[in-house]
Structure formats: structure tokens, C-alpha cells
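Data block below; observations after.
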Amino acid sequence: MRKDLKIYIAGHRGMVGSALVRQLNAAGYRNLITRSRRELDLTQQEAVTEFFGSEKPDYIFMAAAKVGGIQANNTYRGDFIYKNLIIEANITHAAAQAGVPRMLFLGSSCIYPRDCPQPIKEEYLLTGPLEPTNEPYAIAKIAGIKLCESYNRQYGTNYVSAMPTNLYGPNDNYDLANSHVLPALIRKAHEAKIRGDGTYTVWGSGKPRREFLYVDDMASACVFLMEHEEITDGLFNIGTGADVTIRELAETVMEVVGLDAEIVFDDTKPDGTQRKLLDVSRLRHLGWESKVGLREGIALTYREFLSRQRED
């Protein structure tokens with residue numbers, strides 16, 4: 001990417017989008033275009049078309065999405081499939097019509113079948129049934145991948161898709177009603193420490209294995225992919241290549257937070273997929289690897305969580 005060309009970051013205020021802004025600024029990109037939801041409603045096709053027609057960005061990072069944890073995905077199923085479908089369709093179509101040559105679409109590792117072999121390769125997409133609890137979100141993200149592929153074939157665009165594993169880090173969502181597992185564990189551990197609780201309740205059995213990627217590492221991988229303009233199509237997993245059990249994750253969070261308590265597992269809550277580890281060899285072969293270890297990343301995230309608590 002040329003440093004002087006226009007780069008639009010859709011969803012710049014979210015955890016993923018704000019990490020992309022940080023990474024791009026650190027790499028010397030200064031011509032960044034951002035719009036808040038109030039300034040540009042990405043669910044409104046006419047507004048999106050007008051925006052691309054007037055701004056004509058050269059590159060797009062599509063990080064705008066409706067996201068949430070198991071409970072939110074399973075409760076607001078219509079919202080998750082509708083809003084994500086319409087956002088990605090509006091952006092992809094308007095970008096192609098405006099002649100935007102290059103875009104990176106961000107999805108999620110939940111696109112892969114619930115019971116596919118581990119670690120998960122990109123070619124396992126659409127080879128089996130999805131995890132039921134987040135199926136609407138996964139279907140929307142699969143549609144986004146296929147939008148990029150189809151527009152590349154028809155319009156000669158250069159749109160690639162990146163599928164990160166479970167993300168965490170600065171600007172995460174700590175609302176227990178709809179957050180992901182790691183921010184929820186951090187908040188619950190912090191509040192248990194403040195109250196002096198002797199127990200620490202964790203959803204599910206603690207047995208499922210998950211892979212976690214610090215969000216700034218994710219942003220680094222996305223910029224890496226966009227800078228390699230010989231990459232003209234396809235799907236790329238982004239992760240660390242290592243996973244932990246939810247029990248091990250909870251123990252690490254307790255250690256970082258400084259909580260001395262007994263873990264109690266609430267097995268009335270769903271576990272979701274038993275294991276979800278990405279095969280990241282395709283991206284590694286290109287020369288990118290994650291840098292931030294899990295404990296280091298949790299410590300950085302907790303530090304940011306504490307600073308937000310003080311501001312509130």
C-alpha cells in the first residue's frame with residue numbers, strides 16, 4: 001500500500017477497527033478515512049453508495065460488524081445475520097461500483113464446521129454443519145467471503161478475506177450479557193477480587209479448548225496481507241497456532257488479576273464447540289507470525305480495563 005493513498009477503516013471505533021487504526025498510524029499511513037455510525041449508517045445502501053462515490057478510497061479494511069459472545073449470538077439471531085449481511089453487502093457492492101481495487105474483509109473462525117479436523121485449514125470451509133449457537137453470524141461471514149470471491153471474478157477486484165481466531169485486547173466489550181469469554185472472565189475476576197469472593201464462577205465445563213489472539217497482532221497480520229499486493233484473492237486464517245482449555249484460561253486471568261479463589265464451573269451454560277484451533281501455516285509461509293503471548297496479552301488488556309474503570 002502506498003502511504004499517501006486513501007484508506008477507509010469501516011468500524012474504526014470497535015476493538016478490531018481501533019487496532020487497525022493504531023497499526024496503520026504506527027506504520028506511517030496518514031491518509032485514513034473514518035466515519036462514526038452517526039455519520040454513516042452502513043446498513044443504509046444509499047448512504048454507503050454516496051459515501052464511496054464521493055470519497056473514493058483506494059483501500060478498505062472492513063471491520064464493521066455486529067459481534068458478541070455465545071449468549072448474544074444465540075439470543076439475537078435475527079439481528080446477527082441481518083445486520084452483518086447488509087453491512088458487508090452494502091460495502092462490497094458500493095466499493096466495486098466506485099472502482100475501489102483492494103479490500104480486506106474480516107470474518108471469524110466460527111465460519112468453520114463445528115466438528116471439522118483440528119487444526120482447522122482454510123479448505124475446511126463449507127465441509128460440514130456449523131455450531132448452532134452462532135450459526136446466523138457464521139453464515140453472514142461466509143456470505144461475506146463469497147461476496148469477495150464473486151466480485152473478484154466478475155469485476156476484477158482484489159478483495160481478500162481474513163479469519164482471525166478469538167480476539168481480545170484494548171477497547172474490548174466487558175458487558176457480561178454479550179461479551180466474549182476472555183473479557184467476561186477478566187471483568188468477573190476483577191469484581192470478585194473487589195468483593196473478596198472465595199469463588200470464581202466460569203460458564204460451562206472448562207474443558208473446551210480455545211485459541212486467543214491479541215488484537216494488535218491481528219491488525220499487524222491484516223496490514224501485512226494488504227501490503228502484499230501480489231495476494232489477489234483467497235481466505236487466510238489469523239491466529240497463534242496454540243490453544244488452551246477454558247480452565248487454563250481462567251487460571252491465567254486469576255493470576256494476572258490477583259484473585260485468590262476457587263473456580264466453580266456452571267455446567268448449565270453451553271460450552272459451544274469443544275475445540276477450535278486454526279491452522280495458520282498459510283500466513284506463516286508468507287512471513288507473518290504473532291508476537292504477543294497469552295499471559296502478556298491478558299496483562300496488557302487488564303491494564304487497559306483498569307484505566308477504563310478509573311475513567312468511569
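Just so it is clear, none of the values below were taken in a lab; they were calculated from the coordinates. Owing to the predicted nature of the structure, the values given are computational and were not obtained by experimental measurement. Note that we place each Cβ from the backbone using ideal geometry, even for glycine, and neighbour counts take in every protein chain shown.
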Using a Gaussian network model of the chain with C-alpha springs under 10 Å, which one of E88, E122, E55 is most mobile by mean-square fluctuation? E55
If I model the stretch 14-126 as equal point scatterers sitting on the Cα atoms and use the Debye formula, what is log10 I(q)/I(0) at q = 0.14, 0.22 Å⁻¹? -0.71, -1.33
Averaging sequence separations of C-alpha pairs under 8 Å and six or more residues apart, then dividing by the length of the chain, give the relative contact order as a whole percent. 20
In units of 2.2 N^0.38 Å, the Cα radius of gyration of the stretch 145-222 is 1.59
List the pairs from K121/K146; K56/K146; K6/K66; K193/K291 whose alpha-carbon separation is above 28 Å, in the order I gave them. K193/K291
For Cα extents along the principal axes in Å, the choices are (i) 59, 44, 38; (ii) 121, 60, 42; (iii) 89, 51, 34; which was calculated from the structure? (i)
Please give the peptides 109-118, 290-299 ranked by average Cβ packing (other Cβ atoms within 10 Å per residue), highest first, as a rough proxy for protection. 109-118, 290-299
Assign one of three labels to the stretch 75-196, namely rounded, prolate or oblate, based on the Cα gyration tensor with a ≥ b ≥ c the square roots of its eigenvalues; rounded applies when a/c is under 1.5, prolate when it is not and a/b is larger than b/c, and oblate otherwise. prolate
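Local charge sum around R102 (other residues, Cβ-Cβ under 14 Å, Lys/Arg +1, Asp/Glu -1)?
-2
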Charge dipole of the chain built from unit charges on the beta carbon (Lys, Arg +1; Asp, Glu -1), centred at mean Cα; most positive-end Cα among L85, S179, Q97 is Q97
Using Cα springs under 10 Å in a Gaussian network model of the chain, which residue among L106, L20, L126 shows the largest mean-square fluctuation? L126
Inter-part distance where the stretch 1-70 and the stretch 152-188 are each reduced to a Cα centre, Å: 15
With θ taken as phi - 60° and the coefficients 6.51, -1.76 and 1.60, list the Karplus ³J(HN,Hα) couplings across the stretch 161-169 in order, rounded to whole Hz; mark glycine and proline as x. 10, 10, 10, x, 6, 4, 9, 7, x
